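Here the structure is laid out as structure tokens; the discussion comes afterwards.
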Amino acid sequence: MEPSLIKKRDALLALLGGGGRVAVAFSGGVDSAVVAKAAALACGENALAVTAQSPSLAQGELDEARRVAELIGIRHLVIRTDVSVRRRRHFDGTPVSGP
């Protein structure tokens, strides 16, 4: 591997491993798979891939994300969401008025 790529790889692994634990927003696509693999290398069991499951996510895409996470060797958490329902609130919990 080219020395400049090795340096970038090592910097990424150091960044991800620096906190001890990391969660990666994970679609199963190329970009998130690369970051998830790096997280798994840097943090081992303390790395987690997270996929949001909503009505807008095709079942095949979720199945692929699960398959890729297994291939990478990273724990995978699927969180069910519903993006069709918006309940906008301020940080203190009060509703936001208006559209």
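Mind counting the residues in the stretch 35-67 that are of a type in the set (A, V, I, L, M), closer than 25 Å to Gly18 by Cβ and part of a helix (DSSP H, G or I)?
7
Collect the residues in the stretch 14-38 that are open to solvent by 70 Å² or more (accessible area, probe 1.4 Å), small (Gly, Ala, Ser) and under 12 Å from Val68 (Cβ atoms), keeping them in residue-number order.
Passing the criteria: only Ser27.
Would you mind stating whether Leu48 is over 24 Å from Ala11 (Cα atoms), modelled with pLDDT of 95 or more and within 15 Å of the chain's Cα centre (by Cα)?
no
Search the stretch 34-45 for residues that are free of Cβ contacts under 8 Å to residues at least 24 places away in the same chain and pair each with any residue that is part of a helix (DSSP H, G or I) and among the charged types (D, E, K, R) when their beta-carbon atoms are under 7 Å apart and the residues are at least 6 apart or on different chains.
none
For Arg80, state whether it is modelled with pLDDT under 95 and either touching a Ser or Thr at 6+ places or on another chain (Cβ under 7 Å) or of a type outside the set (Asp, Glu) (or both).
It is true that Arg80 is modelled with pLDDT under 95 and either touching a Ser or Thr at 6+ places or on another chain (Cβ under 7 Å) or of a type outside the set (Asp, Glu) (or both).
The values are calculated or read from the model by the stated rules, or taken from the named source; none is laboratory data. Owing to the predicted nature of the structure, the values given are computational and were not obtained by experimental measurement. Cβ atoms come from the backbone with ideal geometry, glycine included; neighbour counts cover every protein chain shown. Surface areas here come from the heavy atoms of the whole protein model, side chains and all, with no ligands, DNA or RNA. Shrake-Rupley method; radii C 1.70, N 1.55, O 1.52, S 1.80 Å.
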